[in-house]
Amino acid sequence: MSRLVLTGMNLVAVGLLVFALYFPRHRRRDLVVAYLGVNVGVFAVASSLSSGTVGAGLGLGLFGVLSIIRLRSTELDQHEVAYYFSALALGILGPLSGTSIWTVAGLTALILAVMYVGDHPRLLRRYRRHVMVLDTVLTDPVALTAHLEQQLGARVHAANVERIDLVNDTTVVDVRYSRPKATTGAARRPVETGATR
C-alpha cells in the first residue's frame, strides 16, 4: 500500500513541477518530456533496486550518472538545470528515503515550494543578463559600462568582455544589469546572441 501511495505522490509532484510550474513559465515542450521521463524512470529503477543496504549508494549513483549524461548532452539554462535536479530528487526521494510517508510528503512539498518561489516571475524581476554584440571595440571598463547603460537604459552591475574582434570591429560582452523601477519601454533592446533570465 505504501508503495502505491509513494508512486501516486511522485506522479502528482512531478505533474505539479512540470505542468503547474515549469511549462506555464517557460513554454519549452522538449524539456517537459525530459523531466517526466527522467523522474518516472528514476522512480521505477530506484523502486525496483532499493534495499536497506544499497539505498543511499544507489541514490547517489543514479543522481550522479544521470546528471553527467543529461548535462553533457545539451546546453541548459540555470533555471532548467534546477528543474532537472528537482525532477531527479523527486524520483529518488520516495523509494530510497527509508522514512515515513509523511516525511516524504513534507520533503516533496519543500522542493515544490522552493521551485515555486525561486522561479517566480516577480522575484528579482528587474535584474537581467544578456550576451550582447556591440558594433564597436571597447576595452576601457568605464567607457564600456557607460555605453551599455546608454544602450540599455539601465544600471549595469557587471560587464565581462568575452571576445573582441578587431577585424569586424565588434565586442561580445556578458552584461548583468537592472532595469529602472518604472520602465516606459523606450529603452532600446540589446542585440542578443543568447540570453538567460
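The values are calculated or read from the model by the stated rules, or taken from the named source; none is laboratory data. Note that the structure is predicted; figures quoted are calculated from it, not measured. Please note: Cβ atoms are built from the backbone with ideal geometry, for glycine as well, and neighbour counts cover all protein chains shown. Heavy atoms of the whole protein, side chains included, go into the accessibility calculation; ligands, DNA and RNA do not. Shrake-Rupley method; radii C 1.70, N 1.55, O 1.52, S 1.80 Å.
Average accessible surface for region 128-178: 55 Å² per residue, computed with a 1.4 Å probe over protein heavy atoms with every protein chain in place. Here's the picture: a label point sits 7 Å out from the Cα of Gln150 along the beta-carbon direction, and within region 103-136 the residues with their amide nitrogen under 13 Å of it are 135-136. Note on Arg163 and Val12: the extension gain reaches 49.8 nm, defined as 0.36 nm multiplied by sequence separation minus the Cα-Cα distance.
Annotation: per residue accessible area for region 83-125 equals 53 Å², rounded to a whole number [probe 1.4 Å, protein chains only]. Residue order by solvent-accessible surface for Ser48, Ser178 is Ser48, Ser178, largest first, with ligands and nucleic acids left out and a 1.4 Å probe.
With a Förster radius of 22 Å, plug the Cβ-Cβ distance of Arg27 and Arg126 into 1/(1 + (r/R0)^6) and report the FRET value to the nearest 0.05. FRET efficiency, Arg27 to Arg126: 0.50. Surface composition of region 128-178: carbon plus sulfur atoms contribute 47% of the solvent-accessible area (1.4 Å probe, protein chains only, all chains present).
Judged by the mean number of other Cβ atoms found within 10 Å, the most tightly packed of the peptides 166-175, 121-130 leads the ranking 166-175, 121-130. Coordinate range of the alpha-carbon atoms in region 128-178 per principal axis, descending: 32, 17, 15 Å. I need the trypsin sites (Lys or Arg not before Pro) found in region 1-36, filtered to DSSP loop residues with at most 12 other beta carbons within 10 Å of theirs. Passing sites in region 1-36 are Arg27. Once you reduce region 100-136 and region 12-45 to the center of their Cα atoms, the two points are 15 Å from each other.
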